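Heads up, the thing below is written out as structure tokens.
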């Protein structure tokens, strides 16, 4: 999972806005949006800062996606495709 996707997922799970995350790490909220869209890759120092705000170790950003998450994502994508196909 890409860093931006991981940040987006974490932020939403905690019910925070991009602006709230930006205030926690003292950056502009547009920067958080760019990271979440994978338009900009933050430095290791910034990843550490964001991780500390969420009580996550630096390694959190680089951990492999769990098999359960990977399978869940594939099932979700397949269900979406089937839904679109049935509408035709």
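The values are calculated or read from the model by the stated rules, or taken from the named source; none is laboratory data. Because the structure is predicted, anything quoted here is derived from the model rather than measured. Using ideal geometry, Cβ is built from the backbone for each residue, glycine included, and neighbour counts are taken over all protein chains shown.
Under the condition of being over 16 Å from residue 25 (Cβ atoms) and surrounded by fewer than 11 Cβ atoms within 10 Å (Cβ to Cβ), which residue from the range 53-70 is modelled with the lowest pLDDT? Once the filter is applied, the top-ranked residue is 68.
State whether the residues of the range 7-16 include one that is without any contact (Cβ under 8 Å) to a residue 24 or more places away in the chain, surrounded by 15 or more Cβ atoms within 10 Å (Cβ to Cβ), in contact with a helix residue (DSSP H, G or I) (Cβ under 6 Å, 6 or more places away or on another chain) and at negative phi.
Taking the range 7-16 first, the residues without any contact (Cβ under 8 Å) to a residue 24 or more places away in the chain are 9, 12-13, 15-16.
Narrowing further to those that are surrounded by 15 or more Cβ atoms within 10 Å (Cβ to Cβ): 16.
Now narrow it down to the ones that are in contact with a helix residue (DSSP H, G or I) (Cβ under 6 Å, 6 or more places away or on another chain): none.
No, the range 7-16 contains no residue that is without any contact (Cβ under 8 Å) to a residue 24 or more places away in the chain, surrounded by 15 or more Cβ atoms within 10 Å (Cβ to Cβ), in contact with a helix residue (DSSP H, G or I) (Cβ under 6 Å, 6 or more places away or on another chain) and at negative phi.
I'm trying to understand the selection: among the residues of the range 26-52, which are crowded, with 18+ Cβ neighbours inside 10 Å and part of a helix (DSSP H, G or I)? Correct list: 32, 35, 36, 47, 50, 51.
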